[in-house]
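Structure record follows, encoded as structure tokens.
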Amino acid sequence: MANDRVVDFTGIHNFRDYGGYAVEGGGAVRRDVLWRSGQHFDASDEDLGRLESLSIAHVFDLRSDRERASHPCRRPAGFGAQVHTVADDSGNHAPHVSSARRDAETTRANMVRSYAGMPYRPLLVAMVRNMIDRLASGDGASLVNCMAGKDRTGFAVAMVHHALGVHYDDIVADYLLTNTAGNPEERIAAGMRSVSSLLGDIEHEALHVLMGVEPEYLATAWQAMQDSHGSVDAYQADMLGVDNALRDRLRAALLEG
């Protein structure tokens, strides 16, 4: 199932379906309605045609104002999806860009530190809260993206999966698909272009750390939520508004079988 999740685009990286996973109590997450990716700044005309064929109704762009202004997403002509953003004038970079250093060891440590704070980033929390509420309405296919489609998007998808009852092992498996989805070397090269103006040349190993994901990263976010709220369920209730009623609506909209 891992390979048929990935949609091969020319200029959009890490584009894939995050449905299909089994859930607690029976059934599975619907396919072809939940999409995730990196930004669409380099999308080709052919990419736009394929994107249009997916009939996406909602786009959740997790990037900051600064990121959207510097790398606006290309859209198909007449694109009718509602694009959801949150105004953010902080000037923050993407988590992996902020974590970048010239050596792999420091870059990895910064990535872990970034994930400890991931569940408490105000912009991200606001966007994930809105995203889950919208998904529960069941009014069409959706896409969530950030810059590389791996950190903020990875956390957002993990929150949707958890609310739906996907097992943590499958949540991690979906998260780790970033490392193999599409053409990893092209994705890494695109990442290098994004950070080169800030850091110049960095070690090849550090670049791979920067553009990849590791189980420890997501586990760090999970532990942070448990430490602050006692459980991920309690975190979701307090920070994302996921009470029993919303969880039931989300499952009714997105589960099958």
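Nothing in this text is a laboratory measurement; each read-out follows from the coordinates by a stated rule. What you see is a predicted model, and the numbers here were worked out from it, not measured in a lab. We place every Cβ from the backbone using ideal geometry, glycine too, and count neighbours over all the protein chains shown.
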For the residue 223, residue 44 Cβ pair and Förster radius 45 Å, calculated FRET efficiency rounded to 0.05 is 0.65
With only helices counted (DSSP H, runs n ≥ 4, each -39500 (n - 2.57)), the per-residue ellipticity at 222 nm for the chain, to the nearest 500, works out to -15500 deg cm²/dmol
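Note down the relative contact order for the chain as a percent, whole number, built from C-alpha pairs under 8 angstrom at least six residues apart.
Numbers: 427 pairs, mean separation 70.8, N = 257.
With pairs under 8 Å counted, the relative contact order is 28 percent.
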Inter-part gap, Cα centre of the stretch 139-171 to Cα centre of the stretch 6-44, in whole angstrom, is 9
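What ranking, highest mean first, results for peptides 47-57, 203-213 when packing means the other Cβ atoms within 10 Å averaged over each residue? Mind showing how you got there, number by number?
On the way: 47-57: 16.6, 203-213: 19.5.
Packing proxy ranking, top to bottom: 203-213, 47-57.
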Quick calc: nm separation of the 7 Å Cα→Cβ label points for residue 69 and residue 256 -> 4.3
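As a test, work out the antiparallel percent of DSSP beta bridges whose residues both lie in the chain, rounded to the nearest 5. Don't jump to the answer; show the numbers that get you there.
On the way: 7 of 19 bridges.
In the chain, approximately 35 percent of DSSP beta bridges are antiparallel ones.
Relative to the present Cα-Cα distance, how much length would full extension add between residue 170 and residue 245 at 0.36 nm per residue of separation? All intermediate terms of the calculation are to be shown ahead of the outcome.
Working: separation 75, 0.36 × 75 = 27.00 nm, distance 2.41 nm.
Net length gain for the segment: 24.6 nm.
Quick check: residue separation of residue 216 and residue 231 times 0.36 nm, minus the Cα distance between them. What number comes out in nm? Could you put the intermediate results ahead of the total?
Working: separation 15, 0.36 × 15 = 5.40 nm, distance 1.79 nm.
This chain segment gains 3.6 nm when fully extended.
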Residue span residue 32 to residue 106: 0.36 nm per residue of separation minus Cα-Cα distance leaves a gain in nm of 22.8 nm
